[in-house]
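Colleague: One structure is given below, represented as structure tokens, and several questions about it will come after.
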Amino acid sequence: MPTSQTPPGQLPDAPGTSGRKNASSPAKGARRPTSRRPLRERLRKDRTLLLLCVPGVLYFAVFFYLPLAGNSIAFQDYQPYLGFKASPFTGLANFTVLFEEPEFWTAVWNTLKISAVQLILYFPAPIALALFLNSLISDKTRRLMQTVVYLPHFLSWVVVVGMFQQVFGGAGTVTSYLNEHGVHVGNIMNNPDTFIYLITSQSVWKDAGWGAIIFLAAMASIDTSLYESAAMDGAGWLRRMWHITLPGIRPVMIMLLILRLGDILSVGFEQILLQRDNVGADASEVLDTYVYFHGVVDGDWGMSTAAGLMKGVIGFVLIVLANKVAHRLGEQGVYQ
């Protein structure tokens, strides 16, 4: 009876499997079949979440993406009664006229000054407020303080400017008190020299509490065992904040800083428009108000659109550069 011999160094096949390979094992280098479900099935499964996203997508599509087509006005002598197609094409003529306007460079200079002051004074304010709220031991006191500092965000700029007028105006509470005690400060609301610090203080009072929400959420994700270990090693609250809290929220700080740099040429249209007449255009004219008065009021659509387009391009470049710097420093940034 013939018997099969096994070559040296090779194990014999199991009974019933001699001469054939395991059909279930794929060949070497073969692509394994994927178990990904079809698109229709995935859409059916996630239809609830997709429906919840529809209002947000429509909002950005209608108010942010569709208006981008209007940037073509910057290269036209646009006339509303002619429309986009019939308005004559002028190339870069609007940009040439724009760069020769002294008022435009005044608006650019005022915008950069206000942005620099707000970046230095306003951006750290939500971080400091979040650190203060996070240090409160009593949950009841923390919730009360959070509610108090959140409320100004829901007030319109008309109300905020009116309240500051009642406090710091010529007949305001603080101004009257200082004048009665020999400190003559005049009308702070009408002083062009302090206008930058006035609108920065208004922004801090109105939005610092709302901006602190993101940092409080980032602090809540920090492992509490790190604080306990540091306290057992004798670290005080200042060292715990410096070595645990701030490093824990650093990625969020850098991400928001990058986004702020991208929006650095937008310094609050409604807030400044309401107070522009008090201090004059030389101290308060910014790019947003320049676009409004030259485009909407004066009807110079092409040049005002060129100014707005240039502002958007500069913001985009700043975001890209700041994100690259964040990657060089080992941070995630806004995008990979």
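The values are calculated or read from the model by the stated rules, or taken from the named source; none is laboratory data. Computed from a prediction, not measured in an experiment: that's the story for all the values here. Neighbour counts are summed over all protein chains in view; Cβ atoms, including those assigned to glycine, are modelled from backbone coordinates with ideal geometry. Ligands, DNA and RNA are excluded from the accessible area calculation, which covers all protein heavy atoms including side chains. Shrake-Rupley method; radii C 1.70, N 1.55, O 1.52, S 1.80 Å.
Colleague: How far apart, in nm, are two points set 7 Å out from the Cα along the Cα-to-Cβ line at Glu100 and at Thr48?
Modeller: Roughly 6.4 nm, to one decimal.
Colleague: Return the long-range amide H neighbours of Tyr78 (sequence gap of 5 or more, or a different chain), with a cut-off of under 5 Å between placed amide H atoms.
Modeller: Under 5 Å from the amide H of Tyr78 lie the amide H atoms of Gly302, each far enough along the sequence or on another chain.
Colleague: Using Cα extents along the principal axes in Å as the read-out, say which of [x] 95, 44, 30; [y] 122, 72, 39; [z] 56, 49, 37 was calculated from these coordinates.
Modeller: Only one listed value fits the structure, namely [y].
Colleague: For region 264-312, build the charge dipole from Cβ charges (+1 Lys, Arg; -1 Asp, Glu) around the Cα centre, then report which of Thr305, Tyr292, Ile264 sits farthest towards its positive end.
Modeller: Ile264
Colleague: Hey, another quick one. Residues with beta-carbon under 15 Å from that of Met232, excluding Met232: net charge, scoring Lys, Arg +1 and Asp, Glu -1?
Modeller: Details: positive: Arg239, Arg240; negative: Asp223, Glu228, Asp233.
In short, -1.
Colleague: Moving on to the next point. Could you pull out the longest piece of the chain with no exposed loop chymotrypsin sites (Phe, Trp or Tyr not before Pro) in it, calling a site exposed if DSSP puts it outside H, G, I, E, B and it has at most 12 other Cβ atoms within 10 Å? Please list the in-between numbers first.
Modeller: On the way: sites that count: Tyr81, Tyr335.
Formally, the longest exposed-site-free interval is 82-334.
Colleague: Residue by residue through region 163-177, which ³J(HN,Hα) values in whole Hz follow from phi under the Karplus form 6.51 cos²θ - 1.76 cosθ + 1.60 (θ = phi - 60°), with glycine and proline marked x?
Modeller: Residue by residue, region 163-177 yields 5, 5, 5, 6, 9, 10, x, x, 10, x, 5, 5, 5, 5, 5 Hz.
Colleague: I've got another one for you. Taking all protein chains as present, what is the carbon and sulfur share of the accessible area of region 87-233, in % to the nearest whole number, probe 1.4 Å? Write down the numbers at each step before the final one.
Modeller: On the way: 5680 of 8420 Å².
For region 87-233, the apolar C and S fraction of the accessible surface comes to 67 percent.
Colleague: Once phi is turned into ³J(HN,Hα) by the Karplus curve 6.51 cos²θ - 1.76 cosθ + 1.60 with θ = phi - 60°, what whole-Hz value does each residue of region 239-245 show in order, with x for glycine and proline?
Modeller: 5, 5, 5, 6, 9, 10, 5
Colleague: Per residue of region 144-156, in order, report the coupling 6.51 cos²θ - 1.76 cosθ + 1.60 (Karplus, θ = phi - 60°) as ³J(HN,Hα) in whole Hz, putting x for Gly and Pro.
Modeller: 5, 5, 4, 4, 5, 7, 7, 4, x, 5, 8, 8, 6
Colleague: Measuring with a 1.4 Å probe in the full set of protein chains, what accessible area per residue, in whole Å², belongs to the chain? Kindly include the intermediate steps, with their values, before the conclusion.
Modeller: Values: 22280 Å² over 336 residues.
Value for the chain: 66 Å² per residue.
Colleague: Let me ask something additional. Using 29 Å as the Cα-Cα cut-off, could you pick out the over-long pairs in Lys140/Lys206; Lys113/Lys206; Lys85/Lys113; Lys113/Lys324; Lys85/Lys311? Write out the running numbers ahead of the final one.
Modeller: Details: Lys140/Lys206 23 Å; Lys113/Lys206 20 Å; Lys85/Lys113 39 Å; Lys113/Lys324 25 Å; Lys85/Lys311 25 Å.
Result: Lys85/Lys113 exceed 29 Å.
Colleague: Quick check for me: using +1 on Lys/Arg Cβ and -1 on Asp/Glu Cβ, what's the dipole size of the chain about its Cα centre, in debye to the nearest 20?
Modeller: Here the size comes out at about 2640 debye.
Colleague: Take the Cα of Tyr150, step 7 Å along the line toward its Cβ, and report every residue of region 201-233 whose backbone nitrogen sits under 15 Å from that point.
Modeller: Of the residues in region 201-233, 207-218 have backbone N under 15 Å from the label point off Tyr150.
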